[in-house]
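First the structure, in the form of structure tokens, and then the observations on it.
Derivation of every value follows stated rules applied to the coordinates shown; laboratory data play no part. Being a predicted model, the structure only gives us computed values, none of them experimental. Please note: Cβ atoms are built from the backbone with ideal geometry, for glycine as well, and neighbour counts cover all protein chains shown.
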Amino acid sequence: MARIESLTLHGFKSFGEKVRLEFGPGITAVVGPNGSGKSNVVVALRWVTHSARARALRAATATDLIFHGAEGKGSVGLAEVQLELSGGLSLARRLYRDGESEQDLRGRRVRVRDALEALSNTGLGAGSLSVVGQGEVSMVVAADPKTLLEHLEEAAGLGSLASSRTQTLDRLLEAERGLDALNPLHLERIVRVEDLRRESARAEESTKLKTRQTLLERTLVRAKRQTLLEEILSLRGRVAALEVRSSEKVA
């Protein structure tokens with residue numbers, strides 16, 4: 001559990017000027033007359049830790065959290081709350097009149113998700129019971145078992161572990177869904193590969209047969225050529241013999 005060291009408000013609700021509140025060890029009481037902004041200190045703490053929506057912060061819209069001016073003081077363009085916790089954790093949140101907002105964690109601009117993750121083990125995370133408003137005690141007592149378990153995990157500093165577990169399970173389910181989607185494609189690819197292998201085998205066999213056919217045709221051509229040459233030589237011999245006989249008869 002972290003301890004609140006300081007809370008700085010500027011342009012937030014009734015705090016038109018910059019105010020820094022420091023919280024020492026032990027119990028700190030915020031006192032003052034009605035309308036002095038005591039409740040707005042609690043509202044600022046809930047707002048900077050993202051633990052409540054605008055309506056729960058006594059604001060109809062988010063921009064209602066910005067100081068609108070008062071007697072002798074003009075309105076401002078943004079609301080800013082800075083929170084410093086023990087252990088060097090600092091968080092700042094700003095809201096502009098155009099509705100845009102931003103948050104810094106240890107002086108660096110971060111997403112809301114990053115801020116919530118950093119607060120998950122401090123006891124000030126979303127859904128924590130470190131800040132309990134009027135009428136919320138009965139809601140906690142009557143909460144369902146799941147909500148009570150979440151409160152206990154947050155109080156015990158297990159919020160980040162539970163969040164990491166949930167995120168891991170979500171990623172696992174997403175991976176399983178992706179795997180289920182890929183299985184039909186994988187089977188289709190396997191069938192296609194087998195078809196290609198058979199086609200390749202047939203093509204290879206066809207190539208071998210064509211090569212063998214070419215060799216046989218060449219062998220046949222050479223054999224026919226040899227036979228024809230032998231016939232030609234034989235005929236030439238017979239012609240020569242006939243010419244000799246013919247010459248002898250003439251003589």
I need the calculated FRET efficiency for the pair R197 and T168, taking r as the beta carbon distance and R₀ as 41 Å, to the nearest 0.05.
0.55
Taking 0.36 nm per residue of sequence separation and subtracting the Cα-Cα distance, how much length would be gained by fully extending the chain between E204 and S75, in nm to one decimal?
37.9 nm
Give me I4, I66, I190 ranked fewest to most by other Cβ atoms within 10 Å of their Cβ, as a rough exposure proxy.
I190, I4, I66
Ranked highest first by average number of other Cβ atoms within 10 Å, how do 34-40, 76-82 line up?
76-82, 34-40
In debye, nearest 20, what is the charge dipole magnitude of the stretch 4-124 about its Cα centre with +1 on Lys and Arg Cβ and -1 on Asp and Glu Cβ, if you could check?
220
Of L78, V110, S51, which is farthest on the positive side of the dipole of the stretch 4-124, counting Cα position, with +1 on Lys and Arg Cβ, -1 on Asp and Glu Cβ, and the Cα centre as origin?
S51
Global form of the stretch 4-124, assessed from the alpha-carbon gyration tensor, a/c cut-off 1.5
oblate
